[in-house]
Amino acid sequence: MSSFKNWSDNRHDYAREWKKKTGGKVLGYFCTYLPEEILYAADVLPVRIFGQHGSDIGISSAHIYDMYCPFSRSCLAEGLKGKYDYLDGVAIAQSCMHIRQAFWSWQKHLPVEYSYYIYMPHGVQSKGRYEYYRGELVEFKESLEKWLGRTISDADLDKGIDIVRKNKESMRKIWEFRKNDRPSITGLEAMEIVFSSQVTDKREHNEALEQLITELPDRKVDRETGTRLMIIGSEDDDREFTKMVEEGLSLPATFVIEDHCVGSRYFWNDFTPGEDRLASIARWYLDRPPCPSKDWPKRLRFSHIKNLIQEYKVEAAILMQQKFCDPHELDIPALKTYLDELDIPYYLIEFDVLVPAGQLKTRVEAFLETRVELV
Amino acid sequence: MTEVKKYPEEPLKTWNKAKELRLKYFTSYAKAHETGGLRFCGSAGSLNSIQQAFGRDVFILGSEPYSAHAAFFSDFARKCQEACESRGIAHDLCGYMKNYWGGILINQFILPTHEIVPWPKADVMWTQHICCTHAKWYQYAGELEGGVPEFGIDFNCRIGHTMTDRDIDYVLEQVLEGIEWVEKVTGRKFDDELFIEASLNELAANSAWGQAYEYNQNIPAPIDEKSLYSFFPFNILCPQWAETSALFRELRDELKDRVDRGIAAVGNERFRILTDGPPQWAMLQVYRYMEKVYGAVTLGSTYTAYWGTGWDVAEDGSLIAAKIPTREEFAQLNREARLRKYIAWKLSKQEAYSVTFTGCHPRKSALMLKIMELWKLDGAIIHLNRGCEGSAMGVLENRLDIIKAGYPVLTYEGNMGDVRDFDYAGTIRKIENFFENLGLEKLIKGG
Ligand code: SF4
Ligand code: SF4
């Protein structure tokens, strides 16, 4: 379990080391809709670009207007500070406006060998989406081939699919243990598992996951579970806050599940293989539990959240609202009504990379005390 | 005091016609049910002719311009914004959307005459989706209104000059599905003849707008952008109406005549300005102040140049109002081919969507600079718009690019839909400092 934490703590060192060791190229990506399978097929290491909690983001203020979410501004700030100087390329699978802006500013001010924008559909329920995204992946693959000066064969794609698929399957297996009355892993550990999956070589990550799967049945968790909480949120890699809730409150609580992209949304659905590999990859991404920005016209996300609540016996939800995150804010009013109907108490937290988690301690405690029936 | 060249001024003759059309537009939507008509609602410019093809009595509300119009009435807009906030809707969400959602919540819809009528519930939500808000806006609006069905068309593909056949196919597939969907939910049939008529009107209006717009390349400019704001929304509200193309042709001819006779929008014109995105609607007096006190006139933007309007790029790089297909060219095609041609015209010739939303601000900066060059502009004023994540995209990078090209740039903060986010006195101070730094003295002392 400590590997996941170490990787999460030292992601830049890890990537630098990886480069030295393998002589390979590293590509930074901006949204989890990016098809990592194709990068593994091309022997390129994909690492998700994250911001840094507690680190000043003023350096990005000449580039991104401050009504955009702190996460997008923090990502760019890390780049401008030189923290990602090891990247050989950057890419984005089109997602929300804020992170697109971070990509464009990155491309302009931090030139790297390779830069690519994939027009990932927003209409993940729209007719023609599969064919369209498949076409985008064909072009993405071709551009990678041009960059790398090599062909990416079907066998390569099978290899890439295999690596990523195994990773996601293993995390799904591990998440089963969170359903236990005494969950075998904490919310913080779960967050570190997913976070580290997005910044390390998944082959190495897979080994650690397999090891964990063998250990979990006998793992003794030396803590009280307390209230079973769910995080429903915008992008959320706030480990400090998660830790504070699980370890620092006077009332015990455990995050047993979450719906966001540094959590279950990243790996939830099954991969259906097919002869046309790129079509299968496109389908996998389009059929994921949707990011709020892509969840229209029907609300598919809410029934998914309901299933998670039931399967993981959730007692209360924390709505982690990244400040200015329009996609998530747009869902909040209807989500609150939905949770009311399910009789799930919730607490909305607007967070910011710059706000220390400690400031939220009393508010979360008060919520647990007043809204959740404690047994 | 600085010597200032004085040009003759005259009021715009077509102005009143724009006012009449605006009243007709909003009133006919509000009253659609009185005559058995249908209300379609969605983001303005969501391929209007396709919607119109379901009947002459289909009335389409482009809800951003409605919300901009509501923002003019700042007390009314404030009520809408506050109604949203008391329901837990985030303050920083789209300022237009909150004027719209708020209208539903307080059951009030405002007409250009200031008359307030009960909120006219939509029958169908039909919208494009580009910024992260669009389709989500109508999703929740439909829920608030008790379950209005929604159809969204994803425009998040390449649009503008980089649009490929594959992108057009993606939009076309969705449109074809949308037509079937509307037929199912309304029980009406898509009428090809009506589509041909509407789309030819629409493209003619969009093209005439471009032709009118070009006249502002002249010195003095025959029309200021503040006045253009009263006309250009028709490009996305009701371009499919014959009245709109007629109005734009009349405006074009009037501007030509003004240019021929040297008539200026602002007699004291001496500093020509590019703007960006929707302004602080309730505070257009800021522009009036700049005109009166500094002879500084706002003349164009990618916003008024490109929203709904198509441009062709000439060999020398200049922008020319796009050519439109003839009736014969349209009529001889089958439905699918005709829709394809229409979509290609609407989406590949106008860059506003692509440069603003899919976020290629390098391209947007290039277009801004092109307009500055062709329209002979001296500087730019950029609205840092807290009310629109769409038009805030890339604006600071645009600012840097324009400065790099040697032009002065002023930014001011506001919110197109919500005057509470705007500091009038602070903005005036910024304007004064800006012009002082440029060495432009006041024309009116103490102004
Ligand atoms: S989805 Fe929300 S949190 Fe994530 S980048 Fe976009 S605005 Fe920021
Ligand atoms: S582009 Fe701006 S006005 Fe339009 S829906 Fe998005 S945020 Fe609102």
With a cut-off of 8 Å between alpha carbons and a minimum separation of six or more residues, what is the relative contact order of the stretch B:15-437 in percent? 18
Please sort A:343-351, B:311-319 by packing, taking for each peptide the average over its residues of neighbouring beta carbons within 10 angstrom, highest first. A:343-351, B:311-319
Roughly speaking, what is the centre-to-centre gap between the stretch A:1-74 and the stretch A:338-359 when only Cα atoms are used, to the nearest Å? 26
Taking H placed 1.01 Å from N in the peptide plane, check which residues at least 5 places from residue A:348 or on another chain put their amide H under 5 Å from its amide H. A:319
Counting DSSP beta bridges with both partners in the stretch B:15-437, what percentage is antiparallel, nearest 5? 15
Say R0 is 22 Å: what FRET efficiency, to the nearest 0.05, do residue A:298 and residue A:341 get from their beta-carbon distance? 0.80
Taking a ≥ b ≥ c as the square roots of the Cα gyration tensor eigenvalues, with a/c under 1.5 meaning rounded and otherwise prolate when a/b beats b/c, else oblate, which class fits chain B? prolate
By counting other Cβ atoms within 10 Å of each Cβ, how are B:444, A:185, A:163, A:213 ranked from fewest to most? B:444, A:213, A:163, A:185
Nitroxide proxy distance, nm - points 7 Å out along Cα→Cβ at residue A:19 and residue B:312: 4.9
For a 20 Å ceiling on Cα separation, which of these pairs sit above it: B:13/B:445; A:21/A:146; B:121/B:226; A:323/A:361; B:226/B:376; A:83/A:294? B:13/B:445; A:21/A:146; B:121/B:226; A:83/A:294
What does DSSP give for the protein assembly as shown in terms of the percent of beta bridges that are antiparallel, rounded to the nearest 5? 10
Considering every residue in B:161-172, what mean count of other chain Cβ atoms within 10 Å of its Cβ is obtained? 3
Per DSSP, the loop-located GluC sites (Glu not before Pro) within the stretch A:105-203 having at most 15 other beta carbons within 10 Å are A:113
Highest average packing first - A:48-58, B:297-307, Cβ atoms within 10 Å: B:297-307, A:48-58
5 Å is the cut-off here: which amide hydrogens, built 1.01 Å from N in the peptide plane, fall below it relative to residue A:253, excluding neighbours closer than 5 in sequence? A:227
Just to be sure I understand the model, the point goes 7 Å from the Cα along the line to the Cβ. What's the resulting residue B:27 to residue B:288 distance in nm? 2.5
Which of B:117, B:182, A:26 comes first, and how do the rest follow, when ranked by fewest Cβ neighbours within 10 Å? B:117, A:26, B:182
Chymotrypsin sites (Phe, Trp or Tyr not before Pro) in the stretch B:323-423 lying in a DSSP loop, each with at most 15 other Cβ atoms within 10 Å of its Cβ, come to none
Proxy reagent accessibility, fewest Cβ within 10 Å first, across B:388, A:69: B:388, A:69
Rounded to whole Hz, the Karplus (6.51, -1.76, 1.60) HN-Hα couplings of the stretch A:122-130, x for glycine and proline: 8, x, 6, 10, 6, 5, x, 5, 5
Any lysines whose Cα falls less than 17 Å from that of residue A:179, other than same-chain ones fewer than 8 residues away, would be A:220, A:306, A:313
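Coordinate-derived values only; no laboratory data. These numbers were taken from a predicted model, which means no experiment stands behind them. Cβ sites come from the backbone with ideal geometry, for glycine too, and all protein chains shown count toward neighbours.
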